[in-house]
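Heads up, the thing below is written out as C-alpha coordinates.
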Amino acid sequence: MLRSKAFNLLKSIHLMAGQPNLAYKGIHPVIASHGHRPHRSVAYRQRYKTGAGSAGGRSLSAPQTKAMSEQELPGLLILDIGGTYGVQENIVALLKKHFCLITMKEFLANKKEMSKKIQSVFVSECRPTVDQELLESLPNLKVIGNSGVGVDHLNLKMISNFGVKVTNTPHAVADSTADIGMALMLASARRLVEGSQIAISPHTKYFAVDWLGVEVSRATLGIIGMGRIGYKVAQRARAFDMKILYHNRKQRRKEEEQAVGAHYCEKMEDLLQQSDFVMLVVNLTPETHKMIGKKELGLMKPTATLINIGRGALIDQDALVEALQNNIIRAAALDVTYPEPLPRDHPLLKLNNIIITPHIGTATVQAVQMMAEEAIANMLAVLNGQPIPSEVFPK
Ligand SMILES: O=C(O)C(=O)CO
(Lines give C-alpha, C1' and ligand atoms only; values in the text may rest on other atoms or scores of the structure.)
Protein backbone atom coordinates (compact mmCIF):
# COMPACT_ATOMS: atom_id res chain seq x y z
CA MET A 1 0.00 0.00 0.00
CA LEU A 2 2.69 2.43 1.10
CA ARG A 3 4.94 1.24 -1.67
CA SER A 4 2.24 1.86 -4.29
CA LYS A 5 1.51 5.32 -2.83
CA ALA A 6 5.16 6.22 -3.08
CA PHE A 7 5.30 4.78 -6.57
CA ASN A 8 2.34 6.88 -7.73
CA LEU A 9 3.84 9.97 -6.16
CA LEU A 10 7.15 9.50 -7.95
CA LYS A 11 5.29 8.75 -11.17
CA SER A 12 3.25 11.93 -11.03
CA ILE A 13 6.32 14.00 -10.18
CA HIS A 14 8.05 12.77 -13.29
CA LEU A 15 4.99 13.37 -15.42
CA MET A 16 4.63 16.84 -13.91
CA ALA A 17 8.20 17.61 -14.79
CA GLY A 18 7.74 16.34 -18.33
CA GLN A 19 10.41 13.70 -17.78
CA PRO A 20 10.23 10.10 -18.84
CA ASN A 21 8.79 8.09 -16.00
CA LEU A 22 11.81 6.46 -14.43
CA ALA A 23 10.18 5.72 -11.11
CA TYR A 24 8.79 2.40 -12.25
CA LYS A 25 12.28 1.28 -13.11
CA GLY A 26 13.32 1.90 -9.56
CA ILE A 27 15.19 5.03 -10.55
CA HIS A 28 14.78 7.80 -8.05
CA PRO A 29 14.50 11.39 -9.24
CA VAL A 30 17.57 12.35 -7.25
CA ILE A 31 19.64 9.69 -8.94
CA ALA A 32 18.03 10.08 -12.31
CA SER A 33 18.60 13.79 -12.41
CA HIS A 34 22.04 13.83 -10.90
CA GLY A 35 24.06 11.13 -12.49
CA HIS A 36 27.54 12.25 -11.76
CA ARG A 37 26.73 15.91 -11.83
CA PRO A 38 25.59 17.86 -8.79
CA HIS A 39 22.69 19.40 -10.66
CA ARG A 40 19.12 19.42 -9.42
CA SER A 41 16.32 18.73 -11.87
CA VAL A 42 12.98 20.55 -11.79
CA ALA A 43 11.43 17.30 -10.57
CA TYR A 44 13.85 17.14 -7.70
CA ARG A 45 13.21 20.75 -6.72
CA GLN A 46 9.45 20.35 -6.96
CA ARG A 47 9.54 17.15 -5.05
CA TYR A 48 11.71 18.27 -2.22
CA LYS A 49 11.06 22.01 -2.32
CA THR A 50 14.71 22.79 -2.15
CA GLY A 51 15.05 24.72 -5.36
CA ALA A 52 13.86 27.86 -7.09
CA GLY A 53 10.96 25.99 -8.68
CA SER A 54 9.34 24.92 -5.44
CA ALA A 55 5.85 26.06 -4.65
CA GLY A 56 3.87 25.95 -1.45
CA GLY A 57 5.18 25.01 1.95
CA ARG A 58 8.33 26.60 3.29
CA SER A 59 10.74 26.68 0.44
CA LEU A 60 14.42 26.67 1.13
CA SER A 61 15.25 27.82 -2.35
CA ALA A 62 18.43 29.79 -2.97
CA PRO A 63 16.89 33.30 -2.61
CA GLN A 64 15.13 32.39 0.64
CA THR A 65 18.17 30.66 2.01
CA LYS A 66 20.16 33.77 1.29
CA ALA A 67 17.59 35.86 3.08
CA MET A 68 17.88 33.64 6.14
CA SER A 69 20.89 34.03 8.29
CA GLU A 70 22.61 30.84 9.33
CA GLN A 71 21.22 31.29 12.82
CA GLU A 72 17.64 31.32 11.50
CA LEU A 73 17.98 27.97 9.77
CA PRO A 74 16.87 24.88 11.69
CA GLY A 75 19.61 23.46 13.88
CA LEU A 76 21.15 20.20 12.69
CA LEU A 77 23.38 18.17 14.97
CA ILE A 78 26.25 16.35 13.31
CA LEU A 79 28.90 14.29 15.00
CA ASP A 80 31.84 16.19 13.69
CA ILE A 81 33.34 17.77 10.60
CA GLY A 82 36.01 15.63 8.96
CA GLY A 83 37.88 12.86 10.76
CA THR A 84 36.81 9.25 10.96
CA TYR A 85 33.19 9.75 11.91
CA GLY A 86 32.78 13.32 10.82
CA VAL A 87 30.98 14.71 7.81
CA GLN A 88 33.10 15.47 4.76
CA GLU A 89 33.64 19.11 3.81
CA ASN A 90 31.60 18.96 0.58
CA ILE A 91 28.66 17.43 2.45
CA VAL A 92 29.03 20.05 5.18
CA ALA A 93 28.68 22.71 2.49
CA LEU A 94 25.53 21.01 1.22
CA LEU A 95 23.98 20.71 4.67
CA LYS A 96 24.83 24.33 5.45
CA LYS A 97 22.54 25.51 2.69
CA HIS A 98 19.56 24.27 4.65
CA PHE A 99 20.62 23.94 8.26
CA CYS A 100 22.57 25.65 10.96
CA LEU A 101 25.15 22.98 11.69
CA ILE A 102 26.07 22.20 15.27
CA THR A 103 28.79 19.66 15.97
CA MET A 104 28.60 17.34 18.94
CA LYS A 105 31.52 19.19 20.49
CA GLU A 106 29.69 22.52 20.16
CA PHE A 107 26.54 20.97 21.57
CA LEU A 108 28.33 19.54 24.58
CA ALA A 109 30.12 22.82 25.22
CA ASN A 110 26.88 24.80 25.32
CA LYS A 111 24.12 22.30 25.93
CA LYS A 112 21.54 24.70 27.32
CA GLU A 113 21.40 26.99 24.31
CA MET A 114 22.12 24.41 21.62
CA SER A 115 19.56 21.87 22.80
CA LYS A 116 16.74 24.33 22.03
CA LYS A 117 18.01 24.94 18.51
CA ILE A 118 18.48 21.37 17.37
CA GLN A 119 15.57 20.03 15.35
CA SER A 120 17.33 17.32 13.43
CA VAL A 121 20.28 14.96 13.68
CA PHE A 122 22.28 13.71 10.69
CA VAL A 123 23.69 10.23 11.22
CA SER A 124 25.65 7.86 9.11
CA GLU A 125 25.15 4.10 9.00
CA CYS A 126 26.87 2.25 11.80
CA ARG A 127 28.43 5.33 13.32
CA PRO A 128 28.24 6.24 17.02
CA THR A 129 24.61 6.85 17.38
CA VAL A 130 21.62 8.43 19.06
CA ASP A 131 20.98 7.14 22.57
CA GLN A 132 18.36 7.86 25.20
CA GLU A 133 20.50 10.48 26.96
CA LEU A 134 20.88 12.47 23.77
CA LEU A 135 17.16 12.20 22.99
CA GLU A 136 16.32 13.44 26.48
CA SER A 137 18.50 16.47 26.02
CA LEU A 138 16.96 17.54 22.68
CA PRO A 139 13.39 18.73 23.41
CA ASN A 140 12.85 20.18 19.92
CA LEU A 141 14.21 17.26 17.95
CA LYS A 142 11.85 16.19 15.16
CA VAL A 143 13.86 13.99 12.86
CA ILE A 144 16.93 11.80 12.62
CA GLY A 145 18.10 11.72 9.02
CA ASN A 146 20.12 8.55 8.47
CA SER A 147 22.54 8.67 5.58
CA GLY A 148 22.31 5.05 4.45
CA VAL A 149 19.56 2.48 4.20
CA GLY A 150 20.30 0.22 7.19
CA VAL A 151 19.00 1.58 10.48
CA ASP A 152 19.93 -1.33 12.74
CA HIS A 153 22.17 1.03 14.71
CA LEU A 154 19.14 3.06 15.78
CA ASN A 155 16.60 2.01 18.40
CA LEU A 156 13.51 2.88 16.37
CA LYS A 157 11.00 2.13 19.10
CA MET A 158 12.73 4.28 21.67
CA ILE A 159 13.19 7.13 19.18
CA SER A 160 9.54 6.98 18.20
CA ASN A 161 8.55 7.14 21.87
CA PHE A 162 10.20 10.57 21.90
CA GLY A 163 7.96 11.60 18.98
CA VAL A 164 10.99 11.74 16.67
CA LYS A 165 10.88 10.47 13.10
CA VAL A 166 13.63 8.45 11.42
CA THR A 167 14.36 8.58 7.71
CA ASN A 168 16.82 6.69 5.50
CA THR A 169 18.19 6.83 1.95
CA PRO A 170 17.20 3.64 0.10
CA HIS A 171 17.43 5.16 -3.36
CA ALA A 172 20.84 6.77 -3.11
CA VAL A 173 22.59 3.61 -1.92
CA ALA A 174 21.17 1.11 -4.38
CA ASP A 175 23.58 1.29 -7.32
CA SER A 176 26.82 1.55 -5.38
CA THR A 177 25.86 -1.26 -3.03
CA ALA A 178 24.81 -3.52 -5.90
CA ASP A 179 28.14 -2.71 -7.57
CA ILE A 180 30.10 -3.79 -4.51
CA GLY A 181 28.15 -7.06 -4.47
CA MET A 182 29.18 -7.71 -8.06
CA ALA A 183 32.74 -6.61 -7.38
CA LEU A 184 33.04 -9.03 -4.46
CA MET A 185 31.52 -11.86 -6.46
CA LEU A 186 33.92 -11.33 -9.36
CA ALA A 187 36.93 -10.73 -7.14
CA SER A 188 36.30 -13.90 -5.16
CA ALA A 189 35.47 -15.99 -8.21
CA ARG A 190 38.66 -14.95 -10.02
CA ARG A 191 40.84 -14.72 -6.89
CA LEU A 192 41.76 -11.14 -7.65
CA VAL A 193 43.20 -10.29 -4.24
CA GLU A 194 45.49 -13.33 -4.22
CA GLY A 195 46.46 -12.65 -7.82
CA SER A 196 47.31 -9.05 -7.06
CA GLN A 197 49.39 -10.05 -4.05
CA ILE A 198 51.32 -12.55 -6.14
CA ALA A 199 51.82 -10.11 -9.00
CA ILE A 200 53.39 -7.50 -6.71
CA SER A 201 55.36 -9.99 -4.60
CA PRO A 202 59.12 -10.56 -5.08
CA HIS A 203 58.37 -13.92 -6.74
CA THR A 204 58.56 -13.49 -10.46
CA LYS A 205 57.80 -17.08 -11.38
CA TYR A 206 54.12 -17.71 -11.06
CA PHE A 207 51.62 -19.65 -13.06
CA ALA A 208 47.98 -18.76 -13.41
CA VAL A 209 47.03 -22.45 -13.22
CA ASP A 210 48.15 -22.43 -9.61
CA TRP A 211 45.19 -20.35 -8.58
CA LEU A 212 42.36 -21.21 -10.89
CA GLY A 213 39.14 -19.40 -10.23
CA VAL A 214 35.57 -20.19 -11.14
CA GLU A 215 33.36 -18.52 -13.74
CA VAL A 216 30.63 -16.11 -12.89
CA SER A 217 29.19 -16.24 -16.39
CA ARG A 218 26.32 -18.70 -16.61
CA ALA A 219 26.66 -19.65 -12.95
CA THR A 220 23.67 -19.63 -10.59
CA LEU A 221 23.31 -16.63 -8.31
CA GLY A 222 21.01 -16.90 -5.31
CA ILE A 223 19.94 -13.50 -4.01
CA ILE A 224 18.57 -13.52 -0.48
CA GLY A 225 16.60 -10.30 -0.24
CA MET A 226 15.21 -9.03 -3.53
CA GLY A 227 14.59 -5.47 -2.43
CA ARG A 228 15.84 -2.40 -4.24
CA ILE A 229 19.52 -3.39 -3.99
CA GLY A 230 18.89 -7.08 -4.63
CA TYR A 231 17.02 -6.18 -7.78
CA LYS A 232 19.91 -4.04 -8.99
CA VAL A 233 22.25 -6.98 -8.37
CA ALA A 234 19.92 -9.17 -10.44
CA GLN A 235 19.93 -6.64 -13.28
CA ARG A 236 23.73 -6.69 -13.31
CA ALA A 237 23.88 -10.49 -13.04
CA ARG A 238 21.73 -10.79 -16.14
CA ALA A 239 24.51 -9.23 -18.18
CA PHE A 240 26.66 -12.18 -17.08
CA ASP A 241 24.03 -14.67 -18.30
CA MET A 242 23.63 -15.86 -14.73
CA LYS A 243 20.72 -17.98 -13.68
CA ILE A 244 19.08 -15.94 -10.94
CA LEU A 245 17.30 -17.41 -7.95
CA TYR A 246 15.93 -15.31 -5.14
CA HIS A 247 14.30 -15.72 -1.78
CA ASN A 248 12.34 -13.12 0.14
CA ARG A 249 11.09 -13.89 3.60
CA LYS A 250 7.92 -11.87 3.27
CA GLN A 251 7.05 -10.86 -0.22
CA ARG A 252 7.40 -12.44 -3.62
CA ARG A 253 8.30 -9.76 -6.20
CA LYS A 254 6.61 -10.99 -9.37
CA GLU A 255 7.15 -7.84 -11.44
CA GLU A 256 10.89 -7.71 -10.73
CA GLU A 257 11.10 -11.48 -11.13
CA GLN A 258 9.76 -11.24 -14.66
CA ALA A 259 11.84 -8.21 -15.56
CA VAL A 260 15.13 -10.00 -14.81
CA GLY A 261 14.04 -13.58 -15.42
CA ALA A 262 14.60 -14.60 -11.80
CA HIS A 263 13.17 -17.72 -10.18
CA TYR A 264 11.55 -17.47 -6.78
CA CYS A 265 12.54 -19.98 -4.12
CA GLU A 266 9.90 -20.11 -1.45
CA LYS A 267 12.33 -21.97 0.79
CA MET A 268 15.73 -20.44 1.40
CA GLU A 269 17.10 -23.98 1.67
CA ASP A 270 16.35 -24.62 -2.02
CA LEU A 271 18.26 -21.50 -3.01
CA LEU A 272 21.22 -22.47 -0.83
CA GLN A 273 21.39 -25.95 -2.34
CA GLN A 274 21.26 -24.79 -5.95
CA SER A 275 23.38 -21.63 -6.02
CA ASP A 276 27.02 -21.21 -7.03
CA PHE A 277 27.03 -17.76 -5.44
CA VAL A 278 24.77 -16.79 -2.57
CA MET A 279 24.43 -13.07 -1.93
CA LEU A 280 22.91 -11.64 1.26
CA VAL A 281 21.11 -8.36 0.68
CA VAL A 282 18.79 -8.18 3.66
CA ASN A 283 18.38 -5.79 6.56
CA LEU A 284 19.52 -6.86 9.98
CA THR A 285 16.52 -7.42 12.24
CA PRO A 286 15.91 -9.85 15.12
CA GLU A 287 14.45 -12.24 12.52
CA THR A 288 17.45 -12.13 10.20
CA HIS A 289 20.12 -12.17 12.91
CA LYS A 290 22.48 -15.11 12.15
CA MET A 291 20.14 -16.37 9.46
CA ILE A 292 23.15 -18.13 7.90
CA GLY A 293 24.62 -20.59 10.39
CA LYS A 294 26.16 -24.05 10.38
CA LYS A 295 23.04 -25.72 8.99
CA GLU A 296 22.63 -23.24 6.13
CA LEU A 297 26.33 -23.33 5.23
CA GLY A 298 26.11 -27.11 5.21
CA LEU A 299 23.37 -26.93 2.60
CA MET A 300 25.51 -24.91 0.19
CA LYS A 301 27.56 -26.56 -2.54
CA PRO A 302 31.23 -27.14 -1.63
CA THR A 303 32.03 -25.09 -4.73
CA ALA A 304 29.79 -22.19 -3.69
CA THR A 305 30.75 -18.70 -2.54
CA LEU A 306 28.92 -16.66 0.11
CA ILE A 307 28.79 -12.90 -0.39
CA ASN A 308 27.47 -10.51 2.25
CA ILE A 309 26.61 -6.89 1.49
CA GLY A 310 23.90 -6.59 4.15
CA ARG A 311 25.13 -6.63 7.73
CA GLY A 312 27.79 -8.77 9.39
CA ALA A 313 25.45 -10.28 11.96
CA LEU A 314 23.35 -11.94 9.26
CA ILE A 315 26.00 -14.68 9.40
CA ASP A 316 27.12 -16.73 12.37
CA GLN A 317 30.80 -15.91 11.96
CA ASP A 318 32.04 -18.85 14.05
CA ALA A 319 30.15 -21.20 11.76
CA LEU A 320 31.59 -19.40 8.74
CA VAL A 321 35.15 -19.80 10.02
CA GLU A 322 34.53 -23.52 10.45
CA ALA A 323 32.94 -23.86 7.01
CA LEU A 324 35.82 -22.04 5.31
CA GLN A 325 38.48 -23.94 7.23
CA ASN A 326 36.93 -27.27 6.32
CA ASN A 327 36.05 -26.36 2.72
CA ILE A 328 32.35 -26.83 3.39
CA ILE A 329 32.01 -23.91 0.98
CA ARG A 330 34.57 -22.64 -1.49
CA ALA A 331 34.95 -19.03 -0.31
CA ALA A 332 33.33 -15.99 1.24
CA ALA A 333 33.42 -12.32 0.30
CA LEU A 334 32.21 -9.90 2.93
CA ASP A 335 31.73 -6.15 2.85
CA VAL A 336 30.30 -6.32 6.37
CA THR A 337 31.36 -8.12 9.54
CA TYR A 338 30.77 -7.86 13.25
CA PRO A 339 32.34 -5.99 14.74
CA GLU A 340 33.71 -3.58 12.16
CA PRO A 341 36.61 -3.68 11.88
CA LEU A 342 37.32 -7.24 13.05
CA PRO A 343 39.94 -7.58 15.80
CA ARG A 344 43.30 -8.17 14.12
CA ASP A 345 43.56 -11.67 15.59
CA HIS A 346 40.12 -12.77 14.38
CA PRO A 347 40.21 -16.24 12.74
CA LEU A 348 38.44 -14.93 9.62
CA LEU A 349 41.50 -12.81 8.91
CA LYS A 350 43.74 -15.86 8.89
CA LEU A 351 41.97 -17.62 6.04
CA ASN A 352 42.97 -17.40 2.42
CA ASN A 353 39.57 -18.28 0.95
CA ILE A 354 38.00 -15.02 2.05
CA ILE A 355 37.88 -11.42 0.88
CA ILE A 356 36.89 -8.74 3.37
CA THR A 357 36.29 -5.11 2.50
CA PRO A 358 35.70 -2.42 5.13
CA HIS A 359 31.96 -1.75 4.60
CA ILE A 360 32.44 0.27 1.43
CA GLY A 361 29.07 -0.45 -0.19
CA THR A 362 28.27 3.24 -0.45
CA ALA A 363 31.79 4.59 -0.43
CA THR A 364 31.70 6.41 -3.74
CA VAL A 365 31.86 10.14 -4.35
CA GLN A 366 28.46 9.97 -6.02
CA ALA A 367 26.69 7.83 -3.42
CA VAL A 368 27.87 9.93 -0.50
CA GLN A 369 26.56 13.06 -2.21
CA MET A 370 23.26 11.45 -3.15
CA MET A 371 22.76 10.05 0.33
CA ALA A 372 23.23 13.50 1.83
CA GLU A 373 20.77 14.97 -0.66
CA GLU A 374 18.21 12.27 0.05
CA ALA A 375 18.69 12.73 3.79
CA ILE A 376 18.29 16.51 3.45
CA ALA A 377 15.10 16.07 1.44
CA ASN A 378 13.73 13.73 4.09
CA MET A 379 14.61 15.99 6.99
CA LEU A 380 13.19 19.10 5.31
CA ALA A 381 9.98 17.24 4.53
CA VAL A 382 9.58 16.40 8.22
CA LEU A 383 10.38 19.94 9.34
CA ASN A 384 8.04 21.42 6.74
CA GLY A 385 5.21 19.02 7.54
CA GLN A 386 5.26 17.57 4.04
CA PRO A 387 5.00 13.95 2.86
CA ILE A 388 8.23 12.22 3.87
CA PRO A 389 9.97 10.43 0.97
CA SER A 390 11.61 7.70 3.07
CA GLU A 391 10.46 7.31 6.63
CA VAL A 392 11.39 4.23 8.64
CA PHE A 393 8.90 2.89 11.15
CA PRO A 394 9.51 0.74 14.21
CA LYS A 395 8.24 -2.82 13.70
O1 LIG B 1 23.26 1.99 3.34
C2 LIG B 1 23.66 1.15 4.15
O3 LIG B 1 23.10 0.94 5.22
C4 LIG B 1 24.86 0.37 3.84
O5 LIG B 1 25.40 -0.27 4.70
C6 LIG B 1 25.43 0.36 2.47
O7 LIG B 1 26.60 -0.39 2.37
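The values are calculated or read from the model by the stated rules, or taken from the named source; none is laboratory data. Everything numeric in this text was worked out from a predicted model, so none of it was measured. When we count neighbours, we look across all protein chains shown, and the Cβ atoms used for this are built from the backbone with ideal geometry, even at glycine. Areas reflect the complete protein model, heavy atoms only, side chains present, ligands, DNA and RNA absent. Shrake-Rupley method; radii C 1.70, N 1.55, O 1.52, S 1.80 Å.
Do you know which residues across the stretch 121-144 are within 22 Å of the chain's Cα centre (by Cα) and either more than 13 Å from the ligand (Cβ to nearest atom) or open to solvent by 20 Å² or more (accessible area, probe 1.4 Å) (or both)? Before the answer, list the steps.
Step one: of the stretch 121-144, the residues within 22 Å of the chain's Cα centre (by Cα) are 121-131, 143-144.
Those that are within 22 Å of the chain's Cα centre (by Cα) and either more than 13 Å from the ligand (Cβ to nearest atom) or open to solvent by 20 Å² or more (accessible area, probe 1.4 Å) (or both): Val121, Phe122, Ser124, Glu125, Cys126, Arg127, Pro128, Thr129, Val130, Asp131, Val143, Ile144.
Quick check on my filter: what residues within the stretch 282-308 are in contact with a Ser or Thr (Cβ under 8 Å, 6 or more places away or on another chain), of a type outside the set (S, T, N, Q) and either assigned to a helix (DSSP H, G or I) or within 16 Å of Gly181 (Cβ to Cβ) (or both)?
Val282, Ala304, Ile307
Return yes or no: is Val214 modelled with pLDDT of 95 or more and within 19 Å of the chain's Cα centre (by Cα)?
Here the answer is no, as Val214 does not meet what is asked.
On the given criteria, is Ser160 open to solvent by 30 Å² or more (accessible area, probe 1.4 Å) and small (Gly, Ala, Ser)?
Details: open to solvent by 30 Å² or more (accessible area, probe 1.4 Å): yes; small (Gly, Ala, Ser): yes.
For Ser160, the condition - open to solvent by 30 Å² or more (accessible area, probe 1.4 Å) and small (Gly, Ala, Ser) - is met.
Which residues, taken from the stretch 261-288, are open to solvent by 30 Å² or more (accessible area, probe 1.4 Å) and in contact (Cβ under 8 Å) with a residue 60 or more places away in the chain?
Asp276, Asn283, Leu284, Thr285
Per-residue answers, yes or no, for (1) closer than 26 Å to Ala174 by Cα; (2) assigned by the TED database to the domain that holds Gly230; (3) at pLDDT below 95:
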residue: Gly312; (1), (2), (3): yes, yes, no
residue: Asn326; (1), (2), (3): no, yes, no
residue: Tyr338; (1), (2), (3): yes, yes, no
residue: Gly361; (1), (2), (3): yes, no, no
residue: Ala375; (1), (2), (3): yes, no, no
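Of the residues Arg218, Arg253, Arg236, which single one is touching a residue at least 24 places away in the same chain (Cβ under 8 Å), touching a helix residue (DSSP H, G or I) at 6+ places or on another chain (Cβ under 6 Å) and open to solvent by 20 Å² or more (accessible area, probe 1.4 Å)? Full working, then the answer.
Working: Arg218 fails: touching a helix residue (DSSP H, G or I) at 6+ places or on another chain (Cβ under 6 Å); Arg253 fails: touching a helix residue (DSSP H, G or I) at 6+ places or on another chain (Cβ under 6 Å).
Within the list Arg218, Arg253, Arg236, the selection yields Arg236.
Just to verify a result, which residue in the stretch 300-313, among those that are more than 16 Å from the ligand (Cβ to nearest atom) and buried (at least 19 other Cβ atoms within 10 Å of the Cβ), is nearest to Leu156 (Cα to Cα)? Even if it seems obvious, please write down each step before you answer.
Of all residues in the stretch 300-313, those more than 16 Å from the ligand (Cβ to nearest atom) come to 300-306.
Subset that is buried (at least 19 other Cβ atoms within 10 Å of the Cβ): 300, 304-306.
Numbers: Met300: 34, Ala304: 36, Thr305: 33, Leu306: 30 Å.
Within the stretch 300-313, the match that is nearest to Leu156 (Cα to Cα) is Leu306.
If we keep just the residues of the stretch 314-338 that are within 18 Å of Ile180 (Cβ to Cβ) and either more than 16 Å from the ligand (Cβ to nearest atom) or without any contact (Cβ under 8 Å) to a residue 60 or more places away in the chain (or both), which is most open to solvent (accessible area, probe 1.4 Å)?
Per the stated criteria, the residue is Tyr338.
Would you mind stating whether His153 is within 16 Å of the ligand (Cβ to nearest atom) and at pLDDT 95 or above?
Details: within 16 Å of the ligand (Cβ to nearest atom): yes; at pLDDT 95 or above: no.
Against the criterion (within 16 Å of the ligand (Cβ to nearest atom) and at pLDDT 95 or above), His153 does not qualify.
Just checking, which of Pro341, Pro347 is within 16 Å of the ligand (Cβ to nearest atom), open to solvent by 30 Å² or more (accessible area, probe 1.4 Å), in contact (Cβ under 8 Å) with a residue 12 or more places away in the chain and of a type outside the set (Phe, Trp, Tyr)?
Pro341
Identify the residue in the stretch 160-185 that is away from the ligand (no atom under 12 Å from the Cβ) and in contact (Cβ under 8 Å) with a residue 60 or more places away in the chain and, among all such residues, is farthest from the chain's Cα centre (by Cα). Spell out how you get there, then give the answer.
Narrowing the stretch 160-185 to residues away from the ligand (no atom under 12 Å from the Cβ): 160-167, 182-183, 185.
Filter once more, so that each one left must be in contact (Cβ under 8 Å) with a residue 60 or more places away in the chain: 160, 165-167, 185.
Working: Ser160: 22, Lys165: 19, Val166: 15, Thr167: 13, Met185: 18 Å.
This residue is Ser160.
In the list Lys111, Lys105, Lys97, which residue meets the criterion of being open to solvent by 90 Å² or more (accessible area, probe 1.4 Å) and in contact with a Ser or Thr (Cβ under 7 Å, 6 or more places away or on another chain)?
Lys97
Give just the number: which of (1) within 16 Å of the ligand (Cβ to nearest atom); (2) open to solvent by 30 Å² or more (accessible area, probe 1.4 Å) does Glu373 not satisfy?
Failing condition for Glu373: (2).
How many residues are within 16 Å of the ligand (Cβ to nearest atom), open to solvent by 70 Å² or more (accessible area, probe 1.4 Å) and not in a helix (DSSP H, G or I) if we restrict to the stretch 350-365?
Within the stretch 350-365, residues that are within 16 Å of the ligand (Cβ to nearest atom), open to solvent by 70 Å² or more (accessible area, probe 1.4 Å) and not in a helix (DSSP H, G or I) number 1.
What is the number of the single condition among (1) among the hydrophobic types (A, V, I, L, M, F, W, C); (2) under 24 Å from the mean Cα position of the chain (by Cα); (3) crowded, with 22+ Cβ neighbours inside 10 Å that Met291 does not meet?
Unmet condition: (3).
Is there any pair with a first residue in the stretch 84-97 that is β-branched (Val, Ile, Thr) and a second that is buried (at least 17 other Cβ atoms within 10 Å of the Cβ) and part of a strand (DSSP E or B) whose Cβ atoms are under 6 Å apart and which are 6 or more apart or on different chains, and what are they?
Pairs that qualify, where the first residue is β-branched (Val, Ile, Thr) and the partner is buried (at least 17 other Cβ atoms within 10 Å of the Cβ) and part of a strand (DSSP E or B), are Val87/Ile78.
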